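Comments concern the structure below.
The values are calculated or read from the model by the stated rules, or taken from the named source; none is laboratory data. Note that the coordinates shown come from a computational prediction; the quantities given were computed from them, not determined experimentally. Cβ sites come from the backbone with ideal geometry, for glycine too, and all protein chains shown count toward neighbours. Surface accessibility is based on the protein's heavy atoms, side chains included, excluding ligands, DNA and RNA. Shrake-Rupley method; radii C 1.70, N 1.55, O 1.52, S 1.80 Å.
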Amino acid sequence: MTDEPDKNPEDEFTDMLRQFLSGNSELDPSKLASAAGLPSDPAAVAALMQQLQNAMQHTGDGVDWKVAQDAAEQIASADAVTITPGQRSALEQALHVAALWLDEVTFVSELAAPPRVLTRKEWTSATMPVWSQVAEPVALSIADALTRVLKDQAPEELSGMMANASQLMRNIGGALFAMQLGQVVGQLSTEVVSGGDVGIPLMNDQQAALVPQNLAAFGAGLDIPADQVELYLSVREIAHARLFRHAKWLRLHEISSITEFARGITIDTDRLEDLASSFDPSNPEELREAMVSGALIPPKSESQLQALARLETTLALVEGWVDVVTAAATVRLPKRDAVAETVRRRRATGGPAESAFSTLVGLELRPRRLREAAAMWQAVTDAVGPEARDALWSHPDVVPTTEDIDNPDALVARLLAGAPEPDEMDLALEDFFREEEAETAAETQTEQDPDAPPVV
């Protein structure tokens with residue numbers, strides 16, 4: 001502390017932080033990195049210190065998600081492999097064939113934009129807007145809780161500093177969370193094979209995408225020709241993207257359910273106060289374990305459980321439908337069943353990054369009732385055909401429910417009995433989405449070819 005009597009307490013606190021972040025402090029920065037659940041190697045610690053210094057300069061009232069983007073890109077680039085022209089050509093061909101095969105077994109909209117072949121770094125850039133949207137409510141809750149606890153736990157002589165430095169602490173707490181999210185997304189970029197691999201719609205404009213470096217790792221060690229693996233996964237990805245393109249309400253429904261769940265997350269301040277009062281900077285394992293285990297997040301509220309139930313049902317319906325149409329579209333592949341079983345095992349176990357995201361945000365990405373949902377979609381397909389099956393995605397009021405997954409026979413009976421005619425509201429919504437799609441197509445055409453005649 002300074003001996004200057006006129007020194008502003010907030011300036012004293014800021015100076016103290018600056019000393020720590022510049023390395024002029026007894027506290028080892030690697031201990032802070034370990035406590036935050038981040039790598040403690042010299043490069044990672046240096047990056048952490050730089051990001052926290054930047055957070056001190058951040059003037060916004062929110063999380064600087066560029067911190068997460070930078071951390072994710074650093075991991076994604078670590079062992080990056082360049083996409084060769086041959087790889088790109090082979091995958092583009094596989095995606096083209098996949099689209100043709102799906103045309104034979106589905107009645108959903110085609111994609112408005114061509115599929116993409118992405119590096120790991122490109123995947124992080126394309127998906128970070130959705131990750132940050134999902135995680136922001138949790139990040140702000142943690143930052144607010146940290147600020148409150150530090151104020152309450154501060155000795156009386158420091159209370160003036162803490163009262164005037166709440167925004168600074170929010171920024172630093174937000175930066176720590178953003179770096180953790182960046183670690184998770186960066187690790188995910190080394191595991192996912194496509195844009196829809198984690199179940200939720202991460203790509204804008206319902207675009208399909210493949211990550212060839214991870215796709216090659218997926219097929220390594222399998223006694224399955226690489227081209228069959230590529231074709232099968234291409235069909236899955238195109239099917240997933242097309243479904244969200246077709247059911248225009250579906251993306252908003254999923255993202256809204258996720259953000260509603262995330263907004264309800266609070267931090268157990270009593271637990272955090274206990275940790276703060278007993279925190280030993282030289283032994284940060286207790287704090288790290290609390291953050292990694294999710295012990296700071298209290299049990300889910302009733303509204304959160306309801307949002308989670310809606311989300312789990314929707315995820316199961318989406319993934320179950322994708323499984324059924326992929327199986328139908330890939331009948332020409334001799335090793336179709338072997339690839340499908342590998343996908344099922346991989347999905348059942350998940351990966352370390354998914355576990356980390358579940359801990360960080362309190363949300364599991366994998367649907368629990370996938371097999372039952374797939375069985376329901378297959379029963380519907382057998383009974384009324386693929387066109388009537390896909391018509392169930394036309395509106396949230398007609399999409400199958402949890403009860404339909406439990407009792408597909410009742411759903412089939414209703415479908416065989418005939419559905420009621422759409423009402424005026426349904427017709428108005430269809431007209432609205434049709435006009436919106438036409439406007440989007442016109443804008444896309446203008447960007448690609450300004451001299452082309454307008455779309456009518």
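Here are some notes:
- Count of region 168-197 residues which are modelled with pLDDT under 85 and among the hydrophobic types (A, V, I, L, M, F, W, C): 8
- Evaluated against (1) surrounded by 21 or more Cβ atoms within 10 Å (Cβ to Cβ); (2) modelled with pLDDT under 85, T326 falls short on exactly one condition, (2).
- Residue list for region 205-224, restricted to those being farther than 22 Å from I75 by Cβ and either open to solvent by 10 Å² or more (accessible area, probe 1.4 Å) or assigned to a helix (DSSP H, G or I) (or both): D205, Q206, Q207, G219, G221, L222, D223, I224
- Taking region 242-258 as the range and being of a type in the set (G, A, S) and either under 15 Å from the mean Cα position of the chain (by Cα) or not assigned by the TED database to the domain that holds V134 (or both) as the test, the residues that pass are S256, S257.
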